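What follows is calculated from the coordinates using simple rules that are stated; it is not laboratory data. This structure is a prediction, so every number in the text was calculated from the model and none was measured. Virtual Cβ from ideal backbone geometry, glycine too; neighbours counted across all protein chains shown.
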2 protein chains.
Amino acid sequence: MFAAVIHGPGDVRYEERPDPVIVEPTDAVVRTVAACVCGSDLWRYRGIAPVPRPTPIGHEYCGVVEAVGDAVTTVKPGDFVVGGFLHSDNTCPVCRKGAHANCLHGGGYAGCQAEKIRIPNADGTLVATPSMPDDDLIPSILTLSDVMCTGWHAAVSARVGPGTSVAVVGDGAVGLCAVLAAAQLGASTVIAMSRHEERQKVALAFGASHIVAERGDAGSTAVRELTEGIGADCVLECVGTESARAQAIGCVRDGGNLGLVGLPHGDLPVNDLFWRNVGIKGGPAHCRAYLPQLLELVLARTINPGLVFDLELPLAAIGEAYAAMDQRRAIKSLVRP
Amino acid sequence: MFAAVIHGPGDVRYEERPDPVIVEPTDAVVRTVAACVCGSDLWRYRGIAPVPRPTPIGHEYCGVVEAVGDAVTTVKPGDFVVGGFLHSDNTCPVCRKGAHANCLHGGGYAGCQAEKIRIPNADGTLVATPSMPDDDLIPSILTLSDVMCTGWHAAVSARVGPGTSVAVVGDGAVGLCAVLAAAQLGASTVIAMSRHEERQKVALAFGASHIVAERGDAGSTAVRELTEGIGADCVLECVGTESARAQAIGCVRDGGNLGLVGLPHGDLPVNDLFWRNVGIKGGPAHCRAYLPQLLELVLARTINPGLVFDLELPLAAIGEAYAAMDQRRAIKSLVRP
């Protein structure tokens, strides 16, 4: 089969690789229908994270089950499935608490920007659709592999609920999905912080009640003006940089909550936040916990998170899929084998 | 009137001071029925926090209203009242969110270990009992001024709810009240970490299901053994030192929550906690938000947090009240004028 392999900064190649096979009786092999490039893949593409050796890359996928191990009981060959960016057994004590990203027996994949993928812990990871989904739903289903679940995780972590005010820092695919999550979870004010017209449009389509284009102190002031002068109940930080974290801290009210899902590249002034009674929660998303509910919303066409994809290419053009996101010509690139 | 004044490390004196008077129309003056010494008062008594000049001290009280300003409508002279360790207006946007400790117009008092106390924002701070309470209820009512509300705040901040597992780090008055809070909020496992037999007894009376006497790694291991091997859903950190915070981190499960109420003397590894999806929340307690509910539980004799007081002295013996706590001869000292 062919798959994407990162060789170093700016160098993702479409290469022949061995076909994945069933190794453990709990494995499945999935024939990819769609995969995509994640903002977090760009850390290596941009040379910020190291690439010690050529490595298959990608962690988002949906597709059709091709084979399953003897122990797999909940999915079968021919099923259309989606799974989160980490596999999980869905049975360990941590999974039973709903914290699947921290499953005692979970982990990542050997590259999902590929024609085929080996899925460990298939029963605890994959969720099948009742039938083959309409093709126009594929992008939205694919977002459940990471960005939509991650935006949802930011909102849940920050205790978004009916009537809350929410500000979202970051207008990448995750930030936009966080806007959608906040609106779905009943927030009465949903402020998307974005300077890009195309992304503002998606945010509004996802349920943002307000757009704030300012950044820094001006951005925090604008958010406070929309929230009785005190800041938002919940701020969803979907970038991870030091400046994004500072922006989030500037936008949250005393006693409020930060939901963090941007990969951390900076510290937090926890003792200042203590005196302000500001909560902090977040991390890698518990996709498997959220997948059934979110898949239902997608299949019912209640939500359309697939709007975050503004570029679709063949898997063979994976290099351009990365370049377009790196150069911010695309919010998020979808690839199909 | 007479009041406690701290002059420096180890030096708290009983001194004559001017009688407090109504300054603002929103003020009340309360004749103290009982006050007490807080673990946080010991930071100055022990020379860890500075005492730049002789300063009236104490922030916990209950008593009888003696006078009110023209704008006060909810309490009147003769009412028995209790208020939190910070005053609050209960009307600003932050208070309306329930975050009274961060009230836009709140603050502290000019010393509550005193015969009389001026209470700013009387309407937004004081809660009156329906009638004069029985004398044996005074200690429990007094805990609502700080330690019981602070233990409750730790539990609420850590999302303690029905069926959760909870570990409490710290067996001072706040830690013991946190045990009581966790039990009241429906936790199914409540682990009190304590090496002191007297304090263990109070913890058990307050609803602890288990006592862990070990500390450090042995303590974390013991907590994990009681929680399916993964750690507690919620850990309430009621000390504030670096080692107590490390203990809390060692006892919490991935995806769980830390409730912090110990005054912070150390940092937190927020990025490690990010990967573990562990939430952090806490700070000064929102007493006014919790007071009505907790006062009802005390008056109905459902809870008896006054058990944390194991020494009662006249206010004139305030020096000994401090010394006994400093030398750990007492968990908490109550003083009466």
Report the label-to-label distance for B:Ser188 and B:Glu225 in nanometres (one decimal), using points 7 Å from each Cα along the Cα→Cβ vector.
-> 2.1 nm
What size of dipole, in debye to the nearest 20, comes out for the protein assembly as shown about its Cα centre when the only charges are +1 on Lys and Arg C-beta atoms and -1 on Asp and Glu C-beta atoms?
-> 240 debye
Within 10 Å of each residue's Cβ, count the other Cβ atoms and sort A:Ile6, B:Ile318 from fewest upward.
-> A:Ile6, B:Ile318
Which FRET efficiency value, to the nearest 0.05, is calculated for B:Glu15 and B:Leu204 with the Förster distance at 41 angstrom and r the Cβ-Cβ distance?
-> 0.50
Cβ neighbours within 10 Å from other chains - mean over B:250-263 | 3
Using 7 Å Cα-to-Cβ label points, what is the B:Ser243/A:Asp135 separation (nm, one decimal)?
-> 6.7 nm
Cβ-vector label at 7 Å, B:Pro9, separations to other copies in nm = 5.3
Shortest-first distances to equivalent copies, position B:Glu198, nm, label 7 Å out along Cβ = 7.0
Please name whichever of B:Ser188, B:Ser145, B:Gly107 sits farthest to the positive end of the charge dipole of chain B, dipole taken about the Cα centre and charges placed at Cβ: Lys and Arg +1, Asp and Glu -1.
-> B:Ser188
Taking θ as phi - 60°, what are the ³J(HN,Hα) couplings along the stretch A:39-47 by the Karplus curve (6.51, -1.76, 1.60), each to the nearest whole Hz, with x for Gly and Pro?
-> x, 6, 5, 6, 4, 6, 4, 8, x
Within 10 Å of each Cβ of A:265-277, how many other protein chain Cβ atoms are there on average?
-> 6
With springs only between Cα atoms under 10 Å apart, run a GNM on chain B and tell me which of B:Cys177, B:Cys103, B:Cys287 wobbles the most.
-> B:Cys103
Run through the DSSP bridge list for chain A and note the antiparallel percent, rounded to the nearest 5.
-> 55 percent
Candidates A:Ser40, A:Ser88, A:Ser145: whichever shows maximal mean-square fluctuation once chain A is modelled as a Gaussian network with Cα springs under 10 Å | A:Ser40
Extend 7 Å from the Cα of B:Arg31 along its Cα-to-C-beta direction; within the stretch B:55-90, residues with backbone N under 11 Å of that point are B:64-67, B:78-79
Place a +1 charge on the Cβ of each Lys and Arg in the stretch A:149-282 and a -1 charge on the Cβ of each Asp and Glu, then give the dipole magnitude about the Cα centre in debye, rounded to the nearest 20.
-> 240 debye
Efficiency of FRET between A:Arg336 and A:Thr74 - r from beta-carbon atoms, R0 41 angstrom, step 0.05 = 0.95
Mean residue ellipticity (222 nm) of chain B, computed from DSSP H runs ≥ 4 via -39,500 (n - 2.57), nearest 500 | -8000 deg cm²/dmol
Longest segment of chain A lacking trypsin sites (Lys or Arg not before Pro) that sit in a DSSP loop with at most 12 other Cβ atoms within 10 Å | A:47-300
Of B:Phe309, B:Phe80, B:Phe274, which is the most mobile in a GNM of chain B whose springs link Cα atoms less than 10 angstrom apart?
-> B:Phe274
Point me to the residue of chain B whose C-beta lies closest to the B-onto-A rotation axis, rounding the distance to whole angstrom.
-> B:Ile280, 2
Distances in nm between the label point of A:Ala300 (7 Å along Cα→Cβ) and its equivalents in the other copies, shortest first, are 3.7
Under the Karplus curve 6.51 cos²θ - 1.76 cosθ + 1.60, θ = phi - 60°, whole-Hz ³J(HN,Hα) for the stretch B:112-129, x wherever Gly or Pro sits | 10, 7, 8, 5, 9, 9, 8, 10, x, 6, 4, 4, x, 10, 7, 10, 8, 7
What FRET efficiency, computed as 1/(1 + (r/R0)^6) with R0 = 41 Å and r the Cβ-Cβ distance, is obtained for A:Thr55 and B:Ala213, rounded to the nearest 0.05?
-> 0.25
How much of the DSSP beta bridge set in the protein assembly as shown is antiparallel, as a percent to the nearest 5?
-> 55 percent
